[in-house]
Amino acid sequence: MKRSTQNILRSHDLVTTQVERSIYDRQMDVVRHLTYALNELFWNVGTLISANKLDEDSSPGNQNSIDYLSKKLVNQCGKYFSEENLRLMQLFSLRNYDLVRDTWLYFSWKYVPILLQTDSDDAWRYYVLRIHEKSLNPEELQTEIKNTQFERSDGDYLHPRNSYAEKMVYNLKNSDVYNAKDYFDGANEIALKALFYFKENQPDSQFESDSSINLLISAIYKAIQRFQNDTNDIFNVRFNFAVWHIGDGIKKLSIFLEKSESQIIQDLSVVLVRKYGHFFSQEHLTVFAKFGRAFTFDDDLAEFTRAITWAHIKELLTVENYELRMNYMRIIYKDKLSVLQLLGLIEQHDQSRFALKVEDIYSHGDSEPTFNENIFENQSFLGFISSLRSNTQ
């Protein structure tokens, strides 16, 4: 028997809300992991500065000062590397790595000047937890530290690492601390873009290539490149998981409401396009639904989404056989195939063969790495986070 119209509408609203929540959760995953990656980069830069013992003398003639280093870096890498920030990075890196590292996911850089006022690494951990327990902004955190720093006991903040992480995960569920404006708004987005568009230049011709300042700048450049690679990879995974969750939601909604996927997609797109932008058009949702049907969560989904880009996934969804699709995926990852190379590979081989061995399909040849695409040049990714960006205006 068909469900009553009232129940259908209620169920439709419920699952539509779940799909929307999935979109938002995955968008905030992007923000959280960007937060961690930036904190890791700034820690590494601070460590390099500390190791090089730069002079405090910032006179125009001194090229071994933080002031001089900042001028070089701001010009090439953006405003994250102001003199003030470089000094904060240096102080940040002096904290106990083992105690502080697992907090990097839970605060953005705007909290660091306040957290550096804490009198110990354990107090640092305690106040990071308080940020989330009470959804504190930096000014409120400053007040919290001022009012409670003499009232804490050791038991308040000496958490073993595992229980600390568990507390964080619990408190993140209701936290409003992460703010897309920190990364996708005005001057903040300009600063972030500068990091992703940075390309290493030649050493400063004023100095010998092996001068201490050029070696330091070169090391910082390499740290930025690691940040670019790691962050683009993380974003790729979050995006792939997000579109699978949406597709899986469409599949479940179709079964639950006893309606065709095409009708579900048509109804859902109206809501999603209005709230999240044209990336959630009927055309795109149809591809998401195909992705949702192609895998269950218990399949090799994590391996599949982690290894390749969305552009590859769209082409692999034309391969009906699951085992063959996974073999193609592993070849893409192993040999860094471009989408065009993948298309050529699929066209050359009979897709009806079951579980074709990797070595039977492709012998290693010349191929240019295509992963780690700049997120600000990835139109699919920008479409996915468009509502985060538009909501900051």
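By average Cβ neighbour count within 10 Å, what is the ranking of 63-71, 137-145 from highest down?
63-71, 137-145
Rank-order 179-190, 247-258 by packing density, defined as the average count of other C-beta atoms within 10 Å over each peptide's residues, highest first.
My ranking of the peptides, most packed first, is 247-258, 179-190.
Through the Karplus equation 6.51 cos²θ - 1.76 cosθ + 1.60, θ set to phi - 60°, convert the phi angles of the stretch 247-254 into ³J(HN,Hα) values in whole Hz; use x for Gly and Pro.
After applying 6.51 cos²θ - 1.76 cosθ + 1.60, I find x, 5, x, 5, 4, 5, 5, 4 Hz.
When only C-alpha pairs under 8 Å and at least 6 residues apart count, what is the relative contact order of the stretch 187-302, in percent?
24 percent
I need Trp43, Trp104 ordered by Cβ neighbour count within 10 Å, fewest first.
Lowest to highest Cβ neighbour count: Trp104, Trp43.
Add +1 for every Lys or Arg and -1 for every Asp or Glu among the other residues with Cβ under 12 Å from the Cβ of Gly292, and state the total.
Surrounding charge for Gly292 is +1.
Going through the cross-link list Lys110/Lys222; Lys72/Lys199; Lys53/Lys193; Lys79/Lys181; Lys251/Lys290, which pairs have a Cα-Cα distance over 18 Å in this structure?
Result: Lys110/Lys222; Lys53/Lys193 exceed 18 Å.
Could you order the peptides 284-293, 115-124 from most to least packed, using the average number of other C-beta atoms within 10 Å per residue?
284-293, 115-124
Using the basic label-point model (7 angstrom from Cα toward the beta carbon), what is the Ala51 to Asp298 distance in nanometres?
Using points 7 Å along Cα→Cβ, the separation is 4.8 nm.
Using alpha-carbon pairs under 8 Å, 6+ residues apart, how would you state the relative contact order of the stretch 271-332 in percent?
Relative contact order here is 26 percent.
We did not get these values from a lab; they are worked out from the coordinates using the rules stated. What you see is a predicted model; the values in this text were computed from it and never measured. A quick note on method: Cβ atoms are made from the backbone with ideal geometry, for glycine too, and the neighbour counts reach across all protein chains shown.
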